[in-house]
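Below is one structure, written out as structure tokens, with a few remarks after it.
Derivation of every value follows stated rules applied to the coordinates shown; laboratory data play no part. Since the structure is predicted, the reported quantities are computational estimates derived from the model, not experimental observations. Neighbour counts are summed over all protein chains in view; Cβ atoms, including those assigned to glycine, are modelled from backbone coordinates with ideal geometry.
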Amino acid sequence: MENKRILLVEDDPNFGTVLKDYLTLNDYNVTLAIDGLEGLIMFKNDDYDLCILDVMMPRKDGFSLAKDIR
């Protein structure tokens, strides 16, 4: 079975790295974006099985990003 792809959008570099490492250890393929705008660009350019979004981020908050993704 192919690893599930996750788009993780988190502006806190420490928390983002810890969460990415944890998910990777559990056989997920994780792409980390550092803000909502970067997350939107990554989402449009690739296919993901799941998106995990922070709420309070610079340039585009998680609620706006979720709305754009839907």
Taking square-rooted eigenvalues a ≥ b ≥ c of the alpha carbon gyration tensor, is the chain rounded, prolate or oblate, where a/c under 1.5 means rounded and, failing that, a/b exceeding b/c means prolate? oblate
Suppose only helical runs count, i.e. DSSP H with n ≥ 4. What mean residue ellipticity at 222 nm does that imply for the chain under -39500 (n - 2.57) per run, divided by all residues and rounded to the nearest 500 deg cm²/dmol? -13000 deg cm²/dmol
Counting only other residues whose beta carbon sits under 13 Å from that of VAL55, what net charge do I get with K and R as +1, D and E as -1? -4
Sequence neighbours fewer than 8 away in the same chain don't count; with that in mind, list the lysines whose C-alpha is under 19 Å from LYS67. LYS44
Which aspartates and glutamates, on any chain, are close to LYS20 with Cα under 14 Å apart, when same-chain ones fewer than 8 places away are left out? GLU10, ASP11, ASP12, ASP54
Would you please name the GluC sites (Glu not before Pro) within the chain that are DSSP coil residues with at most 11 other C-beta atoms within 10 Å of their C-beta? GLU2
